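Report on the structure given below.
The values are calculated or read from the model by the stated rules, or taken from the named source; none is laboratory data. None of the values given here were measured: they were computed from a predicted structure. Here the Cβ positions follow ideal geometry from the backbone for every residue, glycine too, while neighbour counts run over all protein chains shown. These accessible areas exclude ligands, DNA and RNA; they are computed on the full protein's heavy atoms, side chains included. Shrake-Rupley method; radii C 1.70, N 1.55, O 1.52, S 1.80 Å.
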Amino acid sequence: MAAYDIQPATVTDLDALAELERIGFPLDQYSNERLKYLLKHANASSYKVEASGRIQAYAMVLWRRASRVGHLYSIVTHPDFQGRGLGGALLSRLETDAAARGCDRIRLEVRADNTTAIRFYLDRGYKVVKELPGFYSEDAPGLRMAKRLQ
Ligand SMILES: CC(C)(COP(=O)(O)OP(=O)(O)OC[C@H]1O[C@@H](n2cnc3c(N)ncnc32)[C@H](O)[C@@H]1OP(=O)(O)O)[C@@H](O)C(=O)NCCC(=O)NCCS
């Protein structure tokens with residue numbers, strides 16, 4: 001896997017991250033306000049890969065006190081940069097950080113029709129643990145996936 005320079009994302013990146021969200025999740029986006037809240041206040045870690053002043057990919061994971069499960073809230077690579085290992089690098093980084101915080105699992109939800117993302121997660125050790133009927137907008141079904149960390 002190529003080595004990418006992964007940096008913390010902050011509220012100063014809000015506009016770029018909101019744009020990535022719009023592109024990555026045309027059907028189920030978080031509002032800018034929600035994203036801003038998460039970047040500013042939440043018990044969360046956000047990561048970005050930036051080159052030549054452009055954020056190419058980002059991920060956010062939420063932590064909960066007294067929980068050993070990290071919740072992957074969002075991960076998006078701009079379509080211009082997909083398939084180059086950025087998503088994998090971000091996932092691996094947040095898994096390392098989760099383990100360092102004492103988490104033993106990462107969980108996430110994904111649209112059941114998002115075959116690219118499901119394949120991406122399966123290839124990286126995630127398993128489907130639950131079906132989530134009507135989880136997304138317009139009653140679209142989702143899947144919960146999880147990975148046990150070493
Ligand atoms: C899922 C996602 C984050 C993956 O990011 P990425 O930077 O493309 O990830 P990687 O390059 O590390 O891995 C992509 C995989 O697709 C393969 N791939 C090949 N050509 C590709 C292409 N043209 N575009 C995308 N992926 C391609 C890669 O080889 C890789 O396969 P592997 O699992 O065998 O290694 C990205 O597809 C995305 O942003 N999707 C839209 C948002 C989304 O669905 N997020 C997840 C929601 S839960």
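In the chain, with Lys and Arg counted as +1 and Asp and Glu as -1 at Cβ, which of these residues, PRO79, THR115, ALA3, has the Cα nearest the positive end of the dipole, that is, farthest along it?
ALA3
Can you tell me which aspartates and glutamates have their Cα less than 19 Å from the Cα of LYS130? Leave out same-chain residues fewer than eight positions away.
Hits, sequence-local ones excluded: ASP104, GLU109, ASP113, ASP139.
When the dipole is taken about the Cα centre of the chain, and only Lys, Arg (+1) and Asp, Glu (-1) are charged at their Cβ, what size is it in debye, to the nearest 20?
Rounded to the nearest 20 debye, it is 720 debye.
Can you tell me the accessible area per residue over the chain, all protein chains present, probe 1.4 angstrom, in square angstrom?
Ligands and nucleic acids excluded, the figure is 56 Å² per residue.
Could you bin all the Cα-Cα distances of the stretch 6-148 into 5 Å bins starting at 0 and give me the percent of pairs in each, rounded to whole numbers?
2, 10, 20, 23, 23, 17, 6, 1, 0
For the chain, what is the calculated [θ] at 222 nm in deg cm²/dmol (nearest 500), taking -39500 (n - 2.57) for each run of four or more DSSP H residues and dividing by its residue count?
-9000 deg cm²/dmol
Heavy atoms only, probe 1.4 Å: what % of the accessible area of the chain goes to carbon and sulfur, would you let me know? Walk me through the numbers on the way to the answer.
Values: 4000 of 8440 Å².
Summing carbon and sulfur atoms, their accessible area is 47 percent of the total for the chain.
For the pair ASN43/SER31, report the inter-label distance in nm, with labels modelled 7 Å from Cα in the Cβ direction.
For the pair ASN43/SER31, the computed spacing is 2.4 nm.
If the reach is capped at under 22 angstrom between alpha carbons, list the lysines near LYS40, excluding any in the same chain fewer than eight residues apart.
Output for LYS40: LYS48.
Nearest 5 is fine: what % of DSSP beta bridges in the chain come out antiparallel, could you say?
Details: 29 of 33 bridges.
In the chain, approximately 90 percent of DSSP beta bridges are antiparallel ones.
Can you tell me, using C-alpha contacts under 8 Å and at least 6 residues apart, the relative contact order of the stretch 14-150 as a whole percent?
Relative contact order for the stretch 14-150 comes out at 18 percent.
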